[in-house]
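Notes follow the structure.
The values are calculated or read from the model by the stated rules, or taken from the named source; none is laboratory data. From a predicted model like this one, the values you see are computed outputs, not experimental measurements. No Cβ is skipped: glycine too gets one built from the backbone with ideal geometry, and neighbour counts run over all protein chains shown.
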Amino acid sequence: MMKKPFVTKAQVEEIAKNYPTPFYIYDEKGIIENAKAVHEAFAWNKGFKEYFAVKATPNPRLMEILMNEGCGFDCSSATELMLSSAVGAKGSDIMFSSNDTPASEFVYADKIGAIINLDDFTHIDFLEKTIGKIPEVISCRYNPGGVFKMSNGIMDNPGDSKYGMTKDQLFEAYKILKSKGAKKFGIHAFLASNTVSNDYYPTLAGQLFELAVELEKETGADIAFINLSGGVGIPYRPDQTGNDIYAIGKGVEEQYNRVLVPAGMGDVAIYTEMGRFMMAPYGALVTKAIHEKHIYKEYIGVDACAVNLMRPAMYGAYHHITVLGKEDAPLDHVYDVTGSLCENNDKFAIERPLPKIDKGDYLFIHDAGAHGFAMGYNYNGKLKSAELLLKKDGSVELIRRAETARDYFATFDSCDIYSKLTEIMDSENC
Ligand SMILES: *Cc1c(COP(=O)(O)O)cnc(C)c1O
């Protein structure tokens, strides 16, 4: 499938007059249409809720858009909980799926009434000691161990992952939580990441539904929701076929009707915590070619670097690149597209066939809307970019300004050197 940018060269030239590259841009129309499709696909389930995984794209303006479409928020830290509160999410609209959780974060999650999803058996005791009670609604994260297999092979390796409880621990946990006053229970599992297959959720759902029936029978716990978590992927490569959310919803419904309904559990709510699927295709990093270099290979140097988008450097992840204005030009050059970090893995593409790139060309790096800006860091003293929203009416809104030197040095404000830094920043107008 051709990957088509959601902005044109002319639009980017206009935008760049106000907001210099590099910048992130998000497509409001795409986000809304996709969120509507997700809700339609699961409309058969009365209690369905998508808790957007805030870690994927922690921008309050984008969170608001999703909340207007009926999403709640899945948080993994205090600051993500604060963001969710700030945009108006309350109580059970917030899921706290954390691990290795600091006590203070349990305290805050409880204070705002978020649903707490316990990652470990020992956290029952830890939570009770920390907040002085066991909440009436509580969820536990399950890890079946071994490998997660589907008809087309092994998808991932839960046995090697740090998350969740063993099956025995899960049964024991429900009994203990029930005896300590919990009234409504959830089951959560995240067993494979970035799956590009309509079978992942249905396969996972089938396993969790069978487990739920067993759990209810053996422990008497009232299972109110089953949380399929994240892991629904997107086609980063143009030759991949994307997931069909309607087929996924239908596949989960079939499992629901096969397992839960006959067991008298037809009132269980389905929850999801998708991040990537909700946002990745609807965000892009736009960067300008500023150098070309001809040594043993051909290099194009751009004004963004791994600080802005870490996935290629971190996982060797593929992100498709379109050179704006050259959408139909032949891919007759082979380039490494690099950032400026003093790290040789700072490359957005390696030996990638692309059209001839000239200095000043704008590159649209696709599918950066999730786990993109969010993973940013400040290595080499590089600063994070602005985030922009391309609204439905075609206008552009600044939804996070670019970081400045002042932001970068702000944490030295308790140190003697800060006045000298301030003097320099003042004289440099930053
Ligand atoms: C990362 C994460 C998600 C979101 O995963 P995606 O692959 O982006 O859908 C959901 N839930 C939990 C607990 C996570 O850690």
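One residue is enough: does region 270-287 have a residue meeting the conditions exposed (fewer than 15 other Cβ atoms within 10 Å of the Cβ) and farther than 30 Å from LYS217 by Cα?
First pass over region 270-287, keeping only residues exposed (fewer than 15 other Cβ atoms within 10 Å of the Cβ): none.
No, region 270-287 contains no residue that is exposed (fewer than 15 other Cβ atoms within 10 Å of the Cβ) and farther than 30 Å from LYS217 by Cα.
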- Screening GLY266, GLY242, GLY233 for residues that are assigned by TED's automatic domain parsing to the domain that holds ILE116, within 13 Å of the ligand (Cβ to nearest atom) and out of contact with any Asp or Glu (no Cβ under 8 Å at 6 or more places or on another chain) leaves only GLY233
- Message: If I go through region 145-168 residue by residue, how many of them are surrounded by fewer than 18 Cβ atoms within 10 Å (Cβ to Cβ) and either over 16 Å from ILE226 (Cβ atoms) or within 16 Å of the ligand (Cβ to nearest atom) (or both)?
- Response: 16
- Query: Of the residues in region 198-230, how many are within 16 Å of the ligand (Cβ to nearest atom), at positive phi and surrounded by fewer than 24 Cβ atoms within 10 Å (Cβ to Cβ)?
  - Reply: 0
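What do you reckon, is TYR271 outside the structural domain of ALA368 (by TED's automatic domain parsing), on the phi < 0 side of the Ramachandran plot and among the hydroxyl-bearing types (Ser, Thr, Tyr)?
Values: outside the structural domain of ALA368 (by TED's automatic domain parsing): yes; on the phi < 0 side of the Ramachandran plot: yes; among the hydroxyl-bearing types (Ser, Thr, Tyr): yes.
So TYR271 fits the description; yes.
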- Query: Among the residues of region 97-133 satisfying the criterion of being polar (S, T, N, Q) and more than 16 Å from the ligand (Cβ to nearest atom), which is nearest to GLU80 (Cα to Cα)?
  - Reply: SER104
- Query: Among the residues of region 49-65 satisfying the criterion of being within 13 Å of the ligand (Cβ to nearest atom) and either among the hydroxyl-bearing types (Ser, Thr, Tyr) or part of a helix (DSSP H, G or I) (or both), which is surrounded by the fewest Cβ atoms within 10 Å (Cβ to Cβ)?
  - Reply: LYS55
- Note on the structure: If you go through ALA43, ALA89, the only one that is crowded, with 22+ Cβ neighbours inside 10 Å and out of contact with any Asp or Glu (no Cβ under 9 Å at 6 or more places or on another chain) is ALA89
- Message: I'd like to know if region 14-34 contains one or more residues that are more than 30 Å from ASN257 (Cα to Cα), outside the structural domain of LEU363 (by TED's automatic domain parsing), surrounded by 24 or more Cβ atoms within 10 Å (Cβ to Cβ) and within 13 Å of the ligand (Cβ to nearest atom).
- Response: no
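Any residue in region 33-41 that is in contact with a strand residue (DSSP E or B) (Cβ under 9 Å, 6 or more places away or on another chain), more than 30 Å from MET265 (Cα to Cα) and in contact (Cβ under 8 Å) with a residue 12 or more places away in the chain?
Scanning region 33-41 turns up no residue that is in contact with a strand residue (DSSP E or B) (Cβ under 9 Å, 6 or more places away or on another chain), more than 30 Å from MET265 (Cα to Cα) and in contact (Cβ under 8 Å) with a residue 12 or more places away in the chain.
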